[in-house]
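The values are calculated or read from the model by the stated rules, or taken from the named source; none is laboratory data. Predicted model, so just to flag it, every value in this text is computed and none were measured. Cβ: placed from backbone, ideal geometry, glycine included. Neighbour counts: every protein chain shown.
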Ligand code: UDX
């Protein structure tokens, strides 16, 4: 099938690559010429396992092209995916102008029937807006359908999630559009849920709100564990065996970050407010998430009797492993707060340091965890990269000024750390001291 994907961010690029991989003729368009130039030369704008190889293979085999003029490309697509950004405005409402501009462009440049799909996370009723914009701007008397097909991919596993999603949601009010979408997704063997457009839009927001709430739920349990002397890992394990609860997304830590949960939960609160509903549960989810970062800063200050003049080694900067994304990363808040209290930071991250340099200042970026640990008063773990789990702890101990690790991601076993001779402070578990 002939497909046009407009927007080459995480969602658009993964969608374009996977749809080309499935055998479609895909054009991916973006107004950012530099990005397109890079993509045409095999340079990916984001770090995502498997993406580069998939893009290069499909470009080579002529199934995938990148262009910077979406107007010209519109005629190519029988299906047009709108994957442009939906960033937050200052008041956390969703900025829809990019979606609206693209809808206008599509309307003005189409001369045959199109299925126009919005994939970005948008407020419920955006489909109706897109429909109206197209109707108001269409030049010729051609048919079209609007479909909501939200994307659920996670950064770090974007390709895998797009190829093997838990479900495919198709929100549409036309049988013709549903058939075309089903045909396009035929090679992907995942359950397909057909709904009206509004329900599809809400499925996306509701899913993200639920997941964010699950994280804040376990983080609040972690607090009770710390106060009572229980162990949050055991509590999560015990809860997780209940099939209705499940063990995933019950990892206590320093709070969720990234470009989805923080902005989507705030946007959903606004959406509810605009319908006259006070979304108290989601507000609490956000508050607990903010507290979680503050609590970690307090933990560090308490462990060191203040951080003024102290040197802190930080392992992990990205908001989660396997990505270089620093947007709303808890590490950024924590580092700035600790610097404000007089701490010097030596940091290491396997891939996020370049992006971190744009938002952090006065940080000494190091070539590995050992260099970061040299002479530091404590080691902080802020992202659970696998390589930190395999680290040579004896070497780390010999490099640190104090054998103190404050782990915001619970990556080590508390007894093992005790045996290794560390004072080890984590989230929702007992603090242990060297044997
Ligand atoms: C998320 C959703 O999972 C995805 O479906 C949606 O489309 C976009 O938002 P993503 O932001 O890539 O994806 O990351 P995810 O893996 O969901 O993690 C989000 C944040 O939650 C990270 O900061 C992570 O560290 C945190 N988290 C996750 C926890 O603190 N504990 C957990 O148990 C799980």
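All told, residue 215 falls short of being within 30 Å of residue 23 (Cβ to Cβ), at pLDDT 95 or above and within 16 Å of the ligand (Cβ to nearest atom).
Let's see how each residue does on (1) within 20 Å of the chain's Cα centre (by Cα); (2) assigned by TED's automatic domain parsing to the domain that holds residue 407:
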| site | (1), (2) |
| --- | --- |
| 216 | yes, no |
| 219 | yes, no |
| 252 | yes, yes |
| 277 | no, yes |
| 287 | yes, yes |
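Of all residues in the stretch 134-172, those being away from the ligand (no atom under 16 Å from the Cβ), buried (at least 16 other Cβ atoms within 10 Å of the Cβ) and either over 16 Å from residue 204 (Cα atoms) or within 17 Å of the chain's Cα centre (by Cα) (or both) number 5.
Among the residues of the stretch 394-407, is any under 22 Å from residue 326 (Cα atoms) and assigned by TED's automatic domain parsing to the domain that holds residue 328? The answer is yes; a qualifying residue exists.
Take residue 199 and tell me if it is over 16 Å from the mean Cα position of the chain (by Cα) and more than 19 Å from residue 78 (Cβ to Cβ). When the stated conditions are applied, residue 199 passes them. Considering only residues that are surrounded by 13 or more Cβ atoms within 10 Å (Cβ to Cβ) and assigned to a loop (DSSP other than H, G, I, E, B), which ones fall in the stretch 208-256? Result: 230, 231, 245, 247, 249, 250, 251, 252, 253, 254, 255, 256.
So that you can scan it fast, the table gives a plain yes or no per residue for (1) in contact with a strand residue (DSSP E or B) (Cβ under 8 Å, 6 or more places away or on another chain); (2) within 26 Å of residue 222 (Cβ to Cβ):
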{"position": "303", "(1), (2)": "yes, yes"}
{"position": "323", "(1), (2)": "no, yes"}
{"position": "328", "(1), (2)": "no, yes"}
{"position": "345", "(1), (2)": "yes, yes"}
{"position": "371", "(1), (2)": "yes, no"}
{"position": "376", "(1), (2)": "yes, yes"}
{"position": "385", "(1), (2)": "yes, yes"}
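Among the residues of the stretch 417-427, those that are more than 27 Å from the chain's Cα centre (by Cα) and either over 20 Å from residue 302 (Cα atoms) or part of a loop (DSSP other than H, G, I, E, B) (or both) comprise 419, 420, 421, 422. Which residue is farthest from the chain's Cα centre (by Cα), if the candidates are limited to the stretch 289-308 and must be surrounded by fewer than 18 Cβ atoms within 10 Å (Cβ to Cβ) and under 15 Å from residue 330 (Cβ atoms)? For the stretch 289-308, the residue satisfying everything is 298.
Residue-wise test of (1) over 25 Å from residue 87 (Cβ atoms); (2) more than 10 Å from the ligand (Cβ to nearest atom).
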| position | (1), (2) |
| --- | --- |
| 236 | yes, no |
| 257 | no, no |
| 303 | yes, yes |
| 312 | yes, yes |
| 322 | no, no |
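Would you check if residue 273 is without any contact (Cβ under 8 Å) to a residue 40 or more places away in the chain, in the same structural domain as residue 289 (by TED's automatic domain parsing) and part of a helix (DSSP H, G or I)?
yes
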